[in-house]
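Everything below concerns the one structure shown next.
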Amino acid sequence: MLRRLLAIALLLLLQPLPCRADGVDVAVLQTSTLLPYEGVKNSFLRHYATLVPVRGTKSIQSFSSDQYLLSEQGEDEVRRRLSDRAPRLVVAIGGRALELATDSLDLPILFLLVPEAAARIERHPHLTGVLLEVEPSRQLALFADRLPGRRFGTVYLAGALEKELALAGDLAAGRGFELRPVRVASAEQAPAAFRQLAAEVDVLWLLADSALLSPANLTYVFSLSAERRIPVVSFTDVFLKQGAALGISFDLDDMGRQAAEMAARIARGTPIGDIPPQPPRDIHVETNPNVLRKLGLTLSPEPLE
């Protein structure tokens, strides 16, 4: 009898411990069901599953995950669930999701599709992700490859993007075209600066700065473009419908893959502080054919990678 009890005790000790309800590997916190959010989430989950090791020979999924949708769940409920489940990594998709995560949690957070996310990084010690903004020098190179004009002008707020524009100016000088950046002290000064530039350059370039690009300023720039027959190029293809001639776009599937690769490094033990935020890898130029036709512009073919 004693032998049987000892054997049973030994078998119980050798059995794997059941998984706790908490301690989920990844919590995906999504702002809404907008198609870009859905696309990048699905890409992230699909690629992440191929990058993290499968636990156990009978495992079907290589990681555990929870998903939260802020447009359908209350923020207090989501905060409580995140606290109870203690995820090892939070993936925040969209600005509202990142705001909730950084305000409520002291957990590693990886962001996607968040405008101007870099401003939050200094305030949160465990934050990284894939930026929406493409480096100005990289934008400028893409636009210069497509457009016949060789003089680019842009307006920026004092204290913003100055280092990035210096690099873009070096690129322009090295490639034989010109960049004229005009610094303004406030968004109210932007219309006059754009009008001045329209008389001096071949292309007006919009940079990523929500403080500068108010709805009124955007309306002014696009009306100025039509009046002066000068193309506007933009850091985002969102403005193509408003009158931009060219805009930067990116591949959502590759962005999800890029985030999954970063998350896999975190899962393998790399401190999140050692993984800096990254710009999107796979970008290209989208065009507005109607605007190009009205301006009489013919683009050069998009160069092969």
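Determine by what factor the alpha-carbon radius of gyration of region 150-191 differs from 2.2 N^0.38 Å, reporting the quotient. Could the numbers behind the result be given before it?
Working: Rg = 11.0 Å, N = 42, 2.2 N^0.38 = 9.1 Å.
Taking the Cα Rg and dividing by 2.2 N^0.38 Å, one obtains 1.21.
Restricted to Cα atoms, region 132-241 shows a radius of gyration and a Dmax of 12.7, 35 angstrom.
Across region 128-153, the residues whose backbone nitrogen lies under 17 Å from the label position 7 Å along the beta-carbon direction of residue 34 are 130-134. Amide H contacts of residue 207: 155, each under 5 Å away and 5 or more positions distant or on a separate chain (H built 1.01 Å from N in the peptide plane; Pro and chain starts excluded). By how many degrees, between 0 and 90 and to the nearest 10, does the Cα long axis of helix 35-51 differ from the longest principal axis of the chain? Tilt relative to the chain: about 50 degrees. Using only side-chain charges placed at the Cβ, +1 for Lys and Arg and -1 for Asp and Glu, the dipole size of the chain relative to its Cα centre rounds to 720 debye.
Tell me which GluC sites (Glu not before Pro) from region 106-172 have a DSSP coil assignment and no more than 14 other beta carbons within 10 Å of their own. Let's see the in-between values first.
On the way: sites: 116, 122, 133, 162, 164; in loops: 116, 122, 133.
In loop regions of region 106-172 (DSSP not H, G, I, E or B), the sparsely surrounded GluC sites (Glu not before Pro) are 116, 122.
Computed from the C-beta positions of residue 151 and residue 189 and an R0 of 22 Å, the FRET efficiency is 0.55 to the nearest 0.05.
Return the carbon/sulfur percentage of the accessible area of the chain, one whole number, probe 1.4 Å, all protein chains in place. Intermediate results must be reported in sequence, preceding the final value.
Details: 8780 of 15960 Å².
Accessible surface attributable to carbon and sulfur in the chain totals 55 percent.
Here the spin labels are modelled as points 7 Å beyond Cα on the Cα-Cβ line, and at residue 295 and residue 106 they lie 5.1 nm apart.
Among (1) 36.1, 113; (2) 24.5, 99; (3) 22.9, 82, which is the computed Rg and Dmax of the Cα atoms in Å? The value matching this structure is (2).
A simple rule links phi to the HN-Hα coupling: the Karplus curve 6.51 cos²θ - 1.76 cosθ + 1.60 with θ = phi - 60°, which for region 191-204 gives x, 5, 5, 5, 5, 4, 5, 4, 8, 10, 10, 9, 9, 9 Hz, with x for Gly and Pro.
Please state, as a whole number in µm²/s, the translational diffusion coefficient that the Stokes-Einstein equation yields for region 155-305 at 10 °C and 1.306 mPa s, with Rh defined as the Kirkwood radius across alpha carbon pairs. Write out the running numbers ahead of the final one.
On the way: Rh = 17.5 Å.
The Stokes-Einstein estimate is 91 µm²/s.
Using a 1.4 Å probe, what is the accessible area per residue for the chain, in Å²? Could you put the intermediate results ahead of the total?
On the way: 15960 Å² over 305 residues.
Heavy-atom SASA per residue in the chain reads 52 Å².
For region 59-209, the normalised intensity computed at q = 0.09, 0.16, 0.20 Å⁻¹ comes to -0.45, -0.89, -1.14 (log10 of I(q)/I(0), Debye sum over alpha carbons, equal scatterers, no solvent). Amide H contacts of residue 129: 111, 278, each under 5 Å away and 5 or more positions distant or on a separate chain (H built 1.01 Å from N in the peptide plane; Pro and chain starts excluded). Here the simple spin-label model places points 7 Å from the Cα toward Cβ, and for residue 122 and residue 86 these points are separated by 3.4 nm.
The values are calculated or read from the model by the stated rules, or taken from the named source; none is laboratory data. Keep in mind it's a predicted model, so treat the numbers as computed, not measured. Cβ: placed from backbone, ideal geometry, glycine included. Neighbour counts: every protein chain shown. Heavy atoms of the whole protein, side chains included, go into the accessibility calculation; ligands, DNA and RNA do not. Shrake-Rupley method; radii C 1.70, N 1.55, O 1.52, S 1.80 Å.
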